[in-house]
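Read the structure below first, then the notes.
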Amino acid sequence: MWYCFEVKKYIFILVIVVLSGYAYLQNPYKAIAPSKTKEDIAKEEYAKRVEEEKPYLLGHFSPVNDANFTLVPTAYLTYNTQMYLRKETLEAFIAMQEEASKSGVSLKLASGARNFDHQKRIWENKWDGTTLVDGKDLSKSIPDGVERFLKILEYSAAPSTSRHHWGTDIDINGATPSYFETTEGKKVYDWLTANAMNYGFCQTYDEKGLNRTAGYKEEKWHWSYLPIARGLTQDFKAIIRVEDIKGFKGDEYVEELNLIDNYVLSINPECL
Ligand SMILES: [Zn+2]
């Protein structure tokens with residue numbers, strides 16, 4: 001019976017050879033297709049990086065589960081809440097806070113990382129009147145969508161356009177203009193303008209005028225940790241498009257209001 005086995009073996013080999021030849025005839029160039037160029041690989045790597053970075057740039061992640069973020073100890077907080085920041089931002093803030101305390105200036109964190117969902121709650125509560133703005137229910141006092149959007153934008157960023165979710169941006173002591181009119185507030189602000197840059201912090205929304213014609217009103221409390229935030233601002237500019245900013249009430253006005261140029265990128269030139 002051995003010859004029967006041999007015959008089967010040769011038939012099997014013959015079938016394989018015929019099938020291989022058929023496959024080659026179907027696609028004769030596949031076997032000699034050129035390998036990827038360096039340019040192709042660089043393009044693929046860039047596309048991969050964009051896909052990975054996009055959710056972070058837009059705030060679609062949880063700082064609680066992100067290894068780059070850390071929980072801020074309550075000793076550094078203005079209010080008794082849970083707050084997360086990028087580790088580097090917190091380290092720089094602590095160093096700055098220690099130096100300020102030597103001059104009798106107390107610095108605490110009023111706000112840190114707020115992701116998309118958090119910002120969406122703040123935004124939509126103002127949009128539908130759950131949170132009153134200047135004592136008013138905006139859904140009734142400003143029925144026009146664009147006008148209402150602009151009113152909320154005076155002090156709140158639309159979800160995905162806030163820099164707070166990056167974990168690089170902080171509100172110091174009290175996030176209201178009135179606090180910075182008090183004797184203590186003025187002393188704090190004077191100290192920050194003279195020293196914060198030494199620790200990497202820049203006042204993101206400086207006075208509106210010749211240098212900054214669009215965007216949010218001045219926020220003396222909001223500071224960006226530039227060693228990380230500067231690169232993220234550039235990445236946002238390069239990667240994020242208007243259609244990426246969505247998923248909240250009023251998002252149909254994002255394009256009309258040119259939110260990226262007029263708000264996200266309209267910051268103190270020293271912070272760029
Ligand atoms: Zn802020």
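If Leu192 passes every condition in (1) crowded, with 19+ Cβ neighbours inside 10 Å; (2) in contact with a helix residue (DSSP H, G or I) (Cβ under 7 Å, 6 or more places away or on another chain); (3) modelled with pLDDT of 95 or more but one, which one does it miss?
In the conditions (1) crowded, with 19+ Cβ neighbours inside 10 Å; (2) in contact with a helix residue (DSSP H, G or I) (Cβ under 7 Å, 6 or more places away or on another chain); (3) modelled with pLDDT of 95 or more, Leu192 misses (2) alone.
Being outside any helix (DSSP H, G or I) and at pLDDT 90 or above: is that true of Ser106 here?
It is true that Ser106 is outside any helix (DSSP H, G or I) and at pLDDT 90 or above.
Name the one entry in Gly112, Gly129 that is under 30 Å from Asp251 (Cα atoms) and within 14 Å of the ligand (Cβ to nearest atom).
Details: Gly129 fails: within 14 Å of the ligand (Cβ to nearest atom).
Every option except Gly112 fails the conditions.
Quick check on Ser141: is it more than 16 Å from the ligand (Cβ to nearest atom) and among the hydroxyl-bearing types (Ser, Thr, Tyr)?
So Ser141 passes the test.
The values are calculated or read from the model by the stated rules, or taken from the named source; none is laboratory data. Just so it is clear, the structure is predicted and the values come from calculations on it, not from any experiment. Positions of Cβ are generated from backbone atoms using ideal geometry, with glycine treated the same way; all protein chains shown enter the neighbour counts.
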